[in-house]
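Quick notes on the structure that follows.
The values are calculated or read from the model by the stated rules, or taken from the named source; none is laboratory data. For clarity, every value in this text was computed on a predicted model and none was experimentally measured. When we count neighbours, we look across all protein chains shown, and the Cβ atoms used for this are built from the backbone with ideal geometry, even at glycine. Ligands, DNA and RNA are excluded from the accessible area calculation, which covers all protein heavy atoms including side chains. Shrake-Rupley method; radii C 1.70, N 1.55, O 1.52, S 1.80 Å.
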Amino acid sequence: MTTEQPAGRTVVVRLNQQQLELVDRTASDLGYAGRDEVLKKALLGFDALVASEGHES
Amino acid sequence: MNRKLLYETTINPGEGKAIELLEGQVLRIEQIADGGQCADFNCFNLHDYKEYFHTGRTRHMHGLHPSTDDFLWSAPPRERPMAAILADTVGTNDILYPRCSAFLFEYQYGLSPHTNCHDIQAEAQREYGLTPDDVHDSFNFFMNTGVDVEGRPYIAENRARKGDYVEILALMDLLAVPNVCGADVMATSSFELKPLRLAVYAGTDADFTRYHHRRELLSFTNQRNPEEFRVRAIRVERELSRDPDYVPAFTNVPLRTEDLEVHLSPIETAALDYLKATGQFGDTDGEVLRYAFHGWWIHHFMNGPKHFDRESVDEEDL
């Protein structure tokens with residue numbers, strides 16, 4: 001049995017310069033290549049948090 | 001612990017006392033008589049009265065019921081730990097309720113005049129030339145409170161007993177203003193006002209080094225002092241008028257946004273769709289990704305208390 005996954009897609013995320021400062025600093029601190037990588041890492045990490053802890057806003 | 005007693009007094013129902021509490025000294029507020037008495041507490045920087053205790057930042061840092069090893073923080077833009085709670089034998093304190101006032105008793109009970117913490121503190125600190133406008137919301141030691149399922153605060157029976165006490169270590173020179181809470185027709189002190197013993201001790205080296213990590217809490221650029229203010233003079237005129245030469249200078253303004261294109265793999269897309277389907281993190285792909293970044297960052301890196309809800313109500317409140 002195969003499990004279908006969605007195709008990848010492009011997301012446009014709007015951030016202000018203060019938020020971008022946080023993204024860039026995090027990428028630098030963690031040794032990521034750039035903004036893309038840290039945003040993706042965060043996405044997967046947050047997904048895992050929500051799935052495991054029933055995280056609520 | 002053996003500390004040298006420097007000063008002691010008793011404050012009776014309806015009374016408070018302004019005490020110079022120097023850095024390193026310890027103020028003990030102790031239940032005498034039958035116990036069960038709420039003690040309101042406030043403090044100012046002895047050398048700059050515009051730096052004063054702030055329930056808001058304290059509440060944010062330590063929750064609604066601070067206790068042993070929590071700090072009493074000063075208001076923005078100073079935002080420094082002014083004092084630390086060294087000891088708390090009861091563990092029921094409150095910084096949700098504002099200080100009671102003359103208006104409160106007149107409005108809710110038709111009682112006027114009536115003992116109230118605002119007027120008691122105003123009279124106590126008048127000894128140092130402060131006005132009633134200089135009173136601000138206080139730390140309610142021994143006040144047993146909670147929040148119900150609908151988000152409303154409530155007052156429960158005071159659990160303090162004779163001999164119970166709190167000890168407060170001054171982390172800077174303070175004017176400390178404790179008072180016997182004036183609320184006798186509320187449950188705050190179980191409907192009976194009792195005296196409190198106040199004692200000031202010389203703190204020990206152990207008291208002070210216990211909070212040596214506080215040095216980290218004093219090293220922030222944005223803990224500001226008046227020398228950094230654009231307006232430094234304390235205004236004497238009560239009437240407000242516009243400065244015709246005013247030019248706004250807000251921080252980081254204008255805020256500029258940038259649209260980033262992020263190319264997600266199938267696995268990443270599946271994660272995004274899962275989060276989006278919960279309806280909790282935004283309506284669009286971009287909103288969800290933005291929420292996910294900040295939520296992940298807050299969880300892993302943010303200093304201080306996380307502001308994501310875990311439990312909105314304690315089980316014992318149900």
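For this structure, a couple of remarks:
- Qualifying aspartates and glutamates (Cα of each under 13 Å from Cα of B:LYS17; at least 8 residues distant if same chain): B:GLU8, B:ASP40, B:ASP119, B:GLU123, B:GLU127
- Counting all C-alpha pairs of chain B, share separated by more than 39 Å (%): 26
- Chain lengthening between B:TYR109 and B:ARG232 when straightened (0.36 nm per residue, less Cα-Cα): 40.1 nm
- Global geometry of region B:159-247, whether rounded, prolate or oblate, following the gyration tensor of its Cα atoms and the 1.5 cut on a/c: oblate
- Within 10 Å of each Cβ in B:247-255, the average number of Cβ atoms from other chains: 1
- Distance (nanometres) between label positions extended 7 Å along Cα→Cβ at B:VAL147 and B:ALA277: 3.2
- Accessible area per residue was computed with a 1.4 Å probe on protein heavy atoms; B:SER67 scores about 30 Å².
- Using the Karplus relation 6.51 cos²θ - 1.76 cosθ + 1.60 with θ = phi - 60°, the per-residue 3J(HN,Hα) values for region B:213-226 come to 5, 5, 4, 5, 7, 10, 10, 9, 4, 9, 8, 9, 10, x Hz, with x marking Gly and Pro.
- Gyration tensor (alpha-carbon) shape descriptor, region B:1-135, a/c threshold 1.5: rounded
- Note on the protein assembly as shown: Cα-only Rg and Dmax are 25.5, 82 Å.
- Most mobile listed residue (B:GLU30, B:GLU123, B:GLU216) in chain B, GNM with C-alpha springs under 10 Å: B:GLU216
- Cα-projected label distance for A:ALA33 with B:ASN303, points at 7 Å along beta-carbon direction, nm: 3.3
- Distance in nm between pseudo-label sites at B:HIS60 and B:ALA187 (7 Å out along the Cβ direction from Cα): 3.0
- Point-charge dipole on Cβ atoms (K/R +1, D/E -1) for chain B, about Cα centre, debye to 20: 820
- Note on chain B: with a GNM built from Cα contacts shorter than 10 Å, the maximum mean-square fluctuation among B:MET186, B:MET172, B:MET82 falls on B:MET186.
- Highest-fluctuation residue, B:ARG152, B:ARG57, B:ARG126 considered, GNM on chain B with Cα pairs under 10 Å: B:ARG152
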